[in-house]
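Heads up, the thing below is written out as structure tokens.
The values are calculated or read from the model by the stated rules, or taken from the named source; none is laboratory data. These numbers were taken from a predicted model, which means no experiment stands behind them. Every residue, glycine among them, receives a Cβ derived from its backbone with ideal geometry; neighbour counts consider all protein chains shown.
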Amino acid sequence: MPELGKYADAVLWSWAATLGLIALLIVMTWVQSRKAKADHDAIEARRKGKES
Amino acid sequence: MPEMHRTKQARDRYNFLWEWANPVKFMWFSGLALPWLVAATVLTMAIGLIWGFFFTPEAANFGSSVKIIYVHVPSAFMAISAWFMMLVASLIWLIRRHHVSALAAKAAAPVGTVMTVIALITGAIWGEPMWGTYWAWDPRLTSFLILFLFYLGYMALWGAIEDPDTAADLTSVLAVVGSVFAFLSRYAVNFWNQGLHQGATLSLDQEENIANVYWLPLLFAMAGFGLLFVTLVFIRTRTEIRKRRTHALELRERMADA
């Protein structure tokens, strides 16, 4: 850990906020992506089942 | 005749670009590109952020707070770039009516919003020890706040209109209007010199540029944030395409059942 001196709070809070928000964005993107794929696959399977 | 022939050749040469606006081609191409994009994002972000946080010295005038630059500048850069990407995609929608471009603009908005929030938060945290205040009605800070409000308005508009083509039309117009603030966010410092915010951190002018010891890791961090943006927009555009296809199939099912 580098020596941050009197700016330690500012540096650590900035980095924590950034990494936290990016992590949240990635998780939300992933969850929405998985749900959209599952919904899409389910309806495609139903459609193909009806056709055959 | 030779002139006409040349014009047609030129048109054919550029037509292949529009083929990527086909949803099936986009899904195929983005599916192939995503693993490479994820790897490149992780690698460049890790290099830029680890180098910037652990291996850069204190600056004479900023002390160790200079390390905030590695999250503040790339996020601010991406906040503005995301809006310009949305502008280009919106113009393509308005002119050529390619659905993938409208969906890509929609997909980019949440990513741009988060980047704007990061830039505002880290700027406020950095401003307190440097300027003695978290916030000032400085031209760049104010234009960034307005850009953030435009992002919120853009996403709200997509959510408020049921017909997707109408939503794409209206949000595209909003993207064009909001570009004024995206442009101001970038150049406000040059237009009005009375603000607290410093000038450009990265510049082609050697005298304006920051020292190499900070500049190189910053370049990696910016490349990492840029790649993160592209990766997330690809994934989110794929999600939007799937949602639209699912919606269309549901409608077809309901019509068949009726």
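Residues to consider are B:Met130, B:Met115, B:Met45; find the one that is among the aliphatic types (A, V, I, L, M) and modelled with pLDDT under 95.
Values: B:Met115 fails: modelled with pLDDT under 95; B:Met45 fails: modelled with pLDDT under 95.
That would be B:Met130, the only listed residue that is among the aliphatic types (A, V, I, L, M) and modelled with pLDDT under 95.
Each row is one residue, and each column tells you yes or no for (1) out of contact with any Leu (no Cβ under 8 Å at 6 or more places or on another chain); (2) assigned to a helix (DSSP H, G or I); (3) not β-branched (Val, Ile, Thr).
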| position | (1), (2), (3) |
| --- | --- |
| B:Ile125 | yes, yes, no |
| B:Arg140 | yes, yes, yes |
| B:Phe150 | no, yes, yes |
| B:Ala156 | yes, yes, yes |
| B:Gly159 | yes, yes, yes |
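Any residue in region B:127-151 that is over 30 Å from B:Ser172 (Cβ atoms) sitting within a Cβ distance under 8 Å of a residue that is of a type in the set (Phe, Trp, Tyr)? List the pairs, counting only those 6 or more apart or interchain.
Every condition considered, the pairs that remain are B:Gly127/B:Tyr134; B:Gly127/B:Trp135; B:Glu128/B:Tyr134; B:Pro129/A:Tyr7; B:Met130/B:Phe62.
If I go through region B:89-123 residue by residue, how many of them are in a helix (DSSP H, G or I) and without any contact (Cβ under 8 Å) to a residue 12 or more places away in the chain?
Of the residues in that region, 3 qualify.
Any residue at all in region A:22-36 that's in a helix (DSSP H, G or I), without any contact (Cβ under 8 Å) to a residue 40 or more places away in the chain and over 30 Å from B:Gly48 (Cβ atoms)?
Looking for residues that are in a helix (DSSP H, G or I), without any contact (Cβ under 8 Å) to a residue 40 or more places away in the chain and over 30 Å from B:Gly48 (Cβ atoms), one finds at least one in region A:22-36, hence yes.
Inside region B:14-54, can you point out the residues that are of a type in the set (Ser, Thr, Tyr) and in contact (Cβ under 8 Å) with a residue 60 or more places away in the chain? So that I can check it myself, show each step before the final result.
First, pick out the residues of region B:14-54 that are of a type in the set (Ser, Thr, Tyr): B:14, B:30, B:41, B:44.
Result: B:Ser30, B:Thr41, B:Thr44.
Please specify each residue of region B:85-127 satisfying the condition of being away from every other protein chain (no Cβ under 14 Å) and among the polar types (S, T, N, Q).
Within region B:85-127, B:Ser90, B:Ser101 meet the criteria.
Starting from residues that are surrounded by fewer than 19 Cβ atoms within 10 Å (Cβ to Cβ) and within 24 Å of B:Thr44 (Cα to Cα), keep the ones in region B:56-74 and report whichever is nearest to the other protein chains (Cβ to nearest Cβ).
The extreme case among them is B:Glu58.
Which one is nearest to the chain's Cα centre (by Cα), of the residues in region A:7-40 that are more than 7 Å from chain B (Cβ to nearest Cβ) and charged (D, E, K, R)?
For region A:7-40, the residue satisfying everything is A:Arg34.
Restricting attention to region B:117-145, and to residues there that are small (Gly, Ala, Ser) and under 22 Å from B:Gly63 (Cβ atoms), which single residue is surrounded by the fewest Cβ atoms within 10 Å (Cβ to Cβ)?
Per the stated criteria, the residue is B:Gly132.
Among the residues of region B:55-69, which ones are touching a Ser or Thr at 6+ places or on another chain (Cβ under 8 Å) and in a helix (DSSP H, G or I)?
Across region B:55-69, the qualifying residues are B:Val66, B:Lys67, B:Ile68, B:Ile69.
Any chance you could count how many residues in region B:27-55 are more than 12 Å from chain A (Cβ to nearest Cβ), surrounded by fewer than 18 Cβ atoms within 10 Å (Cβ to Cβ) and not aliphatic (A, V, I, L, M)?
4
For the subset of region B:93-116 comprising residues that are crowded, with 20+ Cβ neighbours inside 10 Å and farther than 14 Å from B:Glu240 by Cβ, which member is nearest to the chain's Cα centre (by Cα)?
It comes out as B:Gly112.
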